[in-house]
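Just so it is clear, none of the values below were taken in a lab; they were calculated from the coordinates. The structure displayed is predicted, hence computed values, not measured ones. Every residue, glycine among them, receives a Cβ derived from its backbone with ideal geometry; neighbour counts consider all protein chains shown.
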Amino acid sequence: MNVKLKSLLNELLHNEKVVSFASQIMALIMRFCYFTTRWTIVNKNIPDSYHAKHEPFIICHWHDRLMVTPCVWKWKNKKLIRRDKEK
């Protein structure tokens with residue numbers, strides 16, 4: 001890659017306004033995907049029962065739905081908890 005092009009790209013990626021604009025565009029794309037996708041929750045009673053008992057559980061999503069997973073999360077206390085000491 002050309003040094004000038006690489007330098008320009010690096011400068012753009014560290015520009016707060018460019019990053020903010022790009023993140024807003026990505027958020028719009030994610031919302032569009034959410035509203036135009038048919039969602040099917042299979043065996044919803046299983047996580048509901050864990051949530052009702054305040055027990056931890058893991059929900060799996062197909063990889064192409066990962067970015068919009070928070071849109072379909074209906075339970076309160078949305079947390080990812082790490083139990084190790086690594087920071």
* Enumerate the calculated ³J(HN,Hα) couplings along region 24-33 in order (Karplus 6.51 cos²θ - 1.76 cosθ + 1.60, θ = phi - 60°), each rounded to whole Hz, writing x wherever the residue is Gly or Pro. => 5, 5, 4, 5, 5, 4, 5, 5, 4, 4
* **Highest average packing first - 26-34, 8-16, Cβ atoms within 10 Å** => 26-34, 8-16
* Residue-by-residue Karplus 3J(HN,Hα) for region 4-10, coefficients 6.51, -1.76, 1.60, Hz, glycine and proline x -> 5, 5, 5, 5, 5, 4, 4
